[in-house]
Amino acid sequence: MASLSRIKRQIVRQAVDENLDTINGVLPGIRNDRSRSEITLLSVFFYVALPAAVFALSYILSPMAVGEATDSRLAATRAPVRRAEPVVAEAGVPAESTTTYASPRPLDPAVMPLTLRRVVLDPGHGGSNLGTVAPGGLPEKVITLDIADRLRQLLEDHGYDVVMTRETDESKSLKKRGDMANEAEGDIFLSIHVNWIELQEIRGIETFYLGPTDDPYVTELAATENQGSGYSLADFRGILERVYADVRQKESRELATAVQSALFDSLTKVNPTVRNRGVKSAPFGVLVRTEMPAILAEVSCLSNALEARLLAMPSYRQLLAEALFSGIDSYARELNQAYQIGG
Amino acid sequence: MTEDGGKSGKPRVLTVGVDLGTSRSAVSASNGERHVIDSYVGWPVDMVARKVLKKKVLIGDDAVENRVMLDLRRPLEKGLIREGSERDAEAVQELLSHLLSLVKTDEDGDNQKVRAVVGVPAEALRVNKQQLRNAMEGLVDSLMIVSEPFAVAYGLEALLHALVVDIGAGTSDFCVMNGRYPTDDDQRTLTMAGDYIDEQLFDLVTSKHSEATFSRHMIREWKEQHSYVGEAKDPIVVSAPVQGKPTDFDITEEMKVACESLLPSVTETMIDLVARVEPEYQAKVRSNVILSGGSCLIRGMGQVLQEALKDVGGGQVRVVKDPVFVGSDGGLALAKDAPASDWEKLSS
Ligand SMILES: Nc1ncnc2c1ncn2[C@@H]1O[C@H](COP(=O)(O)OP(=O)(O)OP(=O)(O)O)[C@@H](O)[C@H]1O
Ligand SMILES: [Mg+2]
Ligand SMILES: [Zn+2]
């Protein structure tokens with residue numbers, strides 16, 4: 001009994017403290033929650049769009065030689081390693097130049113049929129919607145746009161067509177972003193976000209595609225997001241069944257897997273505490289909107305002190321962009337290969 | 001009969017626990033008053049309605065009865081204040097002030113300090129913490145907001161190695177108690193609960209019997225009378241009009257399917273939360289699962305969840321006796337246990 005009253009006293013004190021934090025404007029819960037939801041939503045978006053693009057790309061790339069695809073994959077996996085080392089070694093000294101980094105061998109744009117190479121990039125947040133904010137004040141919206149710009153450059157250099165849902169610091173609804181992707185007839189859609197997770201429990205990167213989930217945590221987030229989207233859970237199930245009666249879910253998952261592993265390979269070299277949270281599906285209403293495979297990638301975690309410092313460095317953002325690029329590109333080539341072998 | 005009652009001149013303190021639910025809200029006070037209302041708030045739609053109703057705002061049954069003349073709201077419908085909705089925040093205010101008016105006694109009048117613990121759906125606390133506080137702060141002298149399943153756990157003194165599963169109307173809230181105030185990680189919310197069953201049942205019944213007319217209200221009443229999971233006891237036969245003529249329908253199977261539609265997500269969430277507990281305590285938590293909320297009255301629910309625990313080593317699920325007031329009573333217990341010095345800090 002003595003222990004029960006001790007537990008009670010402690011719990012009461014914690015409940016009071018938590019309320020005092022709210023009164024005093026310390027809002028870890030709110031910030032944390034909002035960013036989690038947003039990130040998850042975005043992640044889903046990315047995963048769905050991206051797989052679609054990859055899928056599309058694989059068909060586009062079908063005339064390419066298998067040997068070339070292999071080279072490219074090797075280059076892609078090697079590139080992050082080389083880059084990561086200087087970043088770690090210099091710990092806080094940004095290596096501005098990116099020219100020393102190996103990147104996947106450029107494709108000859110001529111071998112890519114025009115219809116199969118459009119990637120829609122969706123830099124998360126913008127305008128009044130800051131996303132999460134690093135302890136130093138750097139907002140997510142700036143980071144996502146910067147990474148998207150870098151990724152766009154890489155993709156265009158390799159013969160891909162890129163459409164951005166925003167190119168400036170403007171706010172845009174998720175619905176609008178989906179509509180833009182559809183209007184642009186993108187082959188895949190990738191939404192870029194940065195996570196915020198409570199410091200105590202380090203979590204890493206994760207990539208989402210549209211689909212059902214077995215994870216109650218994700219279900220919870222999805223349910224929250226779907227409320228905002230105007231779908232009931234019942235509506236949503238129906239939509240989901242229709243949307244994924246086709247092949248896109250598989251493609252989305254494979255794309256997500258490629259992007260996730262490229263991201264993780266890169267980041268883990270720089271920040272060994274990053275966890276690979278893997279590829280997940282989540283039933284996000286917003287992803288239903290894009291007509292192409294779409295995925296959402298949480299490329300980093302602003303709540304992790306080391307990650308936050310690294311994200312302030314241009315070289316690190318370039319590393320992330322290249323990891324995303326190699327994920328997309330290797331997936332496209334893999335599909336191409338499978339297509340050639342399997343007929 | 002308030003705590004500081006009798007001391008002349010000094011304001012009396014009324015301590016209250018409030019459960020702001022998505023469908024029902026309850027209040028328990030230190031003066032022994034307990035009330036429950038439907039979580040509906042309605043504003044007359046125009047001048048005419050205002051004149052007829054002679055009120056600026058209607059609450060609970062009153063609001064439901066006059067719904068045609070009202071902008072009717074359930075402020076926490078899916079466990080959340082709708083984003084950017086001033087009206088939802090206002091409705092929360094109206095609900096709380098109405099609940100307080102039900103327990104305040106005239107004799108204490110203005111010379112009464114109110115200290116309130118308000119339990120809200122876990123998801124609302126996670127997402128709308130500041131909004132909720134802003135909306136409710138001015139109505140009481142001191143305010144503490146907690147998650148609803150936590151209030152339930154506190155009231156039942158299930159503070160260590162316990163799991164509360166609160167299946168209400170709009171949300172199913174889960175909360176593991178580890179001997180500390182639960183963090184976000186100790187809690188889960190599914191926006192799938194009694195309302196979801198109602199939707200399922202409505203869809204199943206209307207699509208099978210398109211010739212008849214069913215109202216959402218009838219469906220919910222049938223559910224509350226006959227709901228079950230697992231084995232059916234007796235056939236469920238209900239009556240609904242077909243072209244104006246009362247006709248009997250057997251909805252035994254539809255009832256089962258609708259009620260069981262919650263089970264996969266609920267069991268999965270329950271098992272997942274247990275799995276996150278430190279391994280040496282998991283068995284204790286499994287043997288201390290507490291099922292609360294109006295939807296815990298679905299016949300067989302406790303057994304089926306207990307059955308599901310067998311797959312992960314077995315456990316025990318207990319169903320609370322008084323789901324209506326268990327949350328507000330828990331809030332009241334917490335409010336009484338918080339020292340006066342803390343209440344001072346929490347005053348607005
Ligand atoms: N006997 C019953 N059988 C089945 N369901 C019931 C029964 N009685 C009430 N319910 C359902 O319980 C729900 C209301 O439960 P409760 O009062 O716990 O909800 P709430 O607290 O308002 O909601 P929430 O916990 O989601 O905020 C309604 O969906 C109602 O239909
Ligand atoms: Mg409740
Ligand atoms: Zn984000």
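Before moving on, here are some points about what is shown:
- Apart from one condition, B:Val117 fits all of (1) assigned to a strand (DSSP E or B); (2) surrounded by fewer than 24 Cβ atoms within 10 Å (Cβ to Cβ); the exception is (2).
- The range B:307-318, residues that are buried (at least 18 other Cβ atoms within 10 Å of the Cβ) and either within 16 Å of ligand 2 (Cβ to nearest atom) or within 24 Å of B:Lys233 (Cβ to Cβ) (or both): B:Ala308, B:Leu309, B:Val317
- Of all residues in the range B:139-151 being part of a helix (DSSP H, G or I) and out of contact with any Cys (no Cβ under 8 Å at 6 or more places or on another chain), the one that is nearest to the other protein chains (Cβ to nearest Cβ): B:Ala151
- Positions within the range B:139-153 being within 16 Å of ligand 1 (Cβ to nearest atom) and either open to solvent by less than 10 Å² (accessible area, probe 1.4 Å) or more than 18 Å from B:Ala338 (Cβ to Cβ) (or both), in sequence order: B:Ile145, B:Val146, B:Ser147, B:Pro149, B:Phe150, B:Ala151, B:Val152, B:Ala153
- Criterion: buried (at least 18 other Cβ atoms within 10 Å of the Cβ) and either more than 26 Å from A:Val16 (Cα to Cα) or among the β-branched types (Val, Ile, Thr) (or both) - qualifying residue of B:Val103, B:Val68: B:Val103
- Leading residue by the ranking (nearest to B:Gln282 (Cα to Cα)) among those in the range B:256-270 that are open to solvent by less than 10 Å² (accessible area, probe 1.4 Å) and out of contact with any Lys or Arg (no Cβ under 7 Å at 6 or more places or on another chain): B:Met270
- A:Ile202 away from ligand 1 (no atom under 16 Å from the Cβ), in a strand (DSSP E or B) and either modelled with pLDDT of 75 or more or open to solvent by 50 Å² or more (accessible area, probe 1.4 Å) (or both): no
- Leading residue by the ranking (nearest to the other protein chains (Cβ to nearest Cβ)) among those in the range B:28-53 that are within 13 Å of ligand 1 (Cβ to nearest atom) and either part of a loop (DSSP other than H, G, I, E, B) or touching a His at 6+ places or on another chain (Cβ under 8 Å) (or both): B:Ser39
- Counting the residues of the range B:120-138 that are surrounded by fewer than 19 Cβ atoms within 10 Å (Cβ to Cβ) and more than 11 Å from chain A (Cβ to nearest Cβ) gives 1.
- Cβ pairs under 7 Å, 6+ apart, first in the range A:121-141 and within 14 Å of chain B (Cβ to nearest Cβ), second open to solvent by 20 Å² or more (accessible area, probe 1.4 Å) and within 11 Å of ligand 3 (Cβ to nearest atom): A:Asn129/A:Lys141
- Here the range B:152-163 is the region considered, the condition is being within 11 Å of chain A (Cβ to nearest Cβ) and assigned to a helix (DSSP H, G or I), and the residue that is nearest to the chain's Cα centre (by Cα) is B:Ala153.
- Set side by side, the residues B:Lys56, B:Lys78 differ, and just one is outside any helix (DSSP H, G or I) and crowded, with 17+ Cβ neighbours inside 10 Å, which is B:Lys78.
- Tally of residues being in a helix (DSSP H, G or I) and open to solvent by 60 Å² or more (accessible area, probe 1.4 Å) across the range A:137-175: 7
- Residue that is farthest from B:Tyr154 (Cα to Cα), among those in the range A:11-27 that are of a type in the set (S, T, N, Q) and at the interface with another protein chain (Cβ under 7 Å from one of its Cβ atoms): A:Thr22
- The single condition among (1) within 21 Å of A:Gly186 (Cα to Cα); (2) at pLDDT below 70 that A:Gln249 does not satisfy is (2).
The values are calculated or read from the model by the stated rules, or taken from the named source; none is laboratory data. For clarity, every value in this text was computed on a predicted model and none was experimentally measured. Here Cβ is always computed from backbone atoms with ideal geometry, including for glycine, and neighbour counts include all displayed protein chains. Surface areas here come from the heavy atoms of the whole protein model, side chains and all, with no ligands, DNA or RNA. Shrake-Rupley method; radii C 1.70, N 1.55, O 1.52, S 1.80 Å.
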